[in-house]
1. For region 135-145, name all the residues that are of a type outside the set (A, V, I, L, M, F, W, C) and surrounded by 12 or more Cβ atoms within 10 Å (Cβ to Cβ).
2. How do the pairs read when you match residues in region 21-39 that are buried (at least 19 other Cβ atoms within 10 Å of the Cβ) with residues anywhere that are of a type in the set (Phe, Trp, Tyr), using Cβ under 7 Å and keeping only pairs 6 or more apart or on different chains?
3. Residues being under 21 Å from Ile117 (Cα atoms) and aromatic (Phe, Trp, Tyr): count how many of those fall in region 49-97.
4. Where the second residue is charged (D, E, K, R) and outside any loop (DSSP other than H, G, I, E, B) and the first is free of Cβ contacts under 8 Å to residues at least 24 places away in the same chain and more than 17 Å from Asn54 (Cβ to Cβ) and lies in region 75-86, which pairs have Cβ atoms under 6 Å and are six or more apart or on separate chains?
5. With the condition being β-branched (Val, Ile, Thr) and farther than 21 Å from Pro108 by Cα, I'd like the helices (runs of 4 or more DSSP H) fully within region 1-89 carrying at least 1 qualifying residues.
6. Just wondering, is there one or more residues in region 123-144 that are over 12 Å from Ile43 (Cβ atoms), outside any loop (DSSP other than H, G, I, E, B), touching a strand residue (DSSP E or B) at 6+ places or on another chain (Cβ under 7 Å) and β-branched (Val, Ile, Thr)?
Amino acid sequence: MSGKALQQGELIAVCSGKGGVGRTLLSVNLAIALKKKNLKVSILDGDFQFGDVNMAMDLQTDTTIYDLVNDIDQLTVTNVNDYLVTHQTGVRVLPAPNRPEFADLVTPDVIEKTIEILMKENDYVVVDTEVGFHEKSLMIIEKADQILLVTN
């Protein structure tokens, strides 16, 4: 087995203690900059209630992480691309749910399995976390290889 087959990507969590400090903008620009280096990059919008990565990237989609809730047991490296939206730069995006009330249905188990699969498929997975430090964002931060804390 080659060394490449054993490698997995790095997880970068972009966090902030409050909103409006540029967390999403930094996440999107970081992912695009990494993609320009010919790396495989995906963004997970980890603000499951009010995420707007898809809006920041001008993406129109009905597919979100909410669609994984019922399909999580069937999710594999092979079919994860069915849930991602590809931006014109080549960055692949898994948006937050379209409705805030769906955020509670995105459980830590769904997030963990999704991240594990995305890391197998990408050189970098950038997660734009929710404002503050709550259960789901803390789980992402604990798994992260790198943490960017945005302040003002």
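Every number here is computed from the coordinates shown, using simple stated rules; none is lab data. Computed from a predicted structure; not experimentally measured. FYI the Cβ positions are ideal-geometry reconstructions off the backbone, even for glycines, and counts take in every protein chain you see.
1. Lys136, Ser137, Lys143, Asp145
2. Here the result reads Leu34/Tyr124, each pair linking region 21-39 to a residue that is of a type in the set (Phe, Trp, Tyr).
3. 2
4. So the pair list comes out empty.
5. Of the helices (runs of 4 or more DSSP H) lying wholly inside region 1-89, those with at least 1 residues that are β-branched (Val, Ile, Thr) and farther than 21 Å from Pro108 by Cα span 23-35.
6. Yes: one or more hits.
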